[in-house]
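Written below as structure tokens is the structure these notes are about.
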Amino acid sequence: EIPQFGDDNSESYLKMGCAESREGIRIPDPPELPPSTMRRTGLRSVLQGRLYTPRYNREMYDEVRNSCVWNIESVGKPVAIATCNSADDVATCVKYVGKYCVKHGIFLCVAAGKHSMNCMRTGSFVVDLSGMRNVRVNEKEQWADVDGGATWEDVTEATKWYKMATTSGIAEATGVGGTITQVVFGSPSLRFNK
């Protein structure tokens, strides 16, 4: 049984996620995306990025899935992984999951900096933002526009030339989105006690 998003039973999820690497027990492949909806919607053909599933592109699926080096022990087996290259890709995937997957018990997960234990959950449709790491700086108005997959290292590199700084994650490799939505503090806030 695959724990559903929002289950309070996170311990069973962690056991499933850790089973393959710690105990040598093979986690069964997740259920497949409904093939008829993939053909009917042409999901693969409309994405600028790539769509990987356990059935098709298995080698690349495993490579992308195992790129969660920060929490390798909690990597599960998503139903599909979409490596997004644009906001349009993200919107397409979110709409697809909402329309075709949720009714089959397949939920949405987001992977950016890939520090979260939930970014590659078993039974999920993963929207992988790690290829979207641009940071655009407006020096005059002192702000930066940051893509969904950017890390704090990307932000620091782009803004340091303009003598700009922000609170950030303690680890530079942490994704901006996850830090903002879950942590909201970092080394500058610790240094300046704010």
Computed over segment 76-135, Cα set: Rg, Dmax in Å
11.1, 36
Restricting to DSSP loop positions (anything but H, G, I, E, B) with no more than 14 other Cβ atoms inside 10 Å of their own Cβ, which trypsin sites (Lys or Arg not before Pro) remain in segment 106-178?
LYS140, LYS163
To the nearest 0.05, the calculated FRET efficiency linking TYR56 and ALA91 through their beta-carbon distance, R0 being 22 Å, is 0.45
How much net charge surrounds GLY148 when only other residues with a Cβ under 12 Å from its Cβ are counted (Lys, Arg +1; Asp, Glu -1)?
-4
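Taken together, the values in this text are just the output of simple stated rules run on the coordinates, not laboratory data. These numbers were taken from a predicted model, which means no experiment stands behind them. Backbone-built Cβ (ideal geometry, glycine too); neighbour counts: all protein chains shown.
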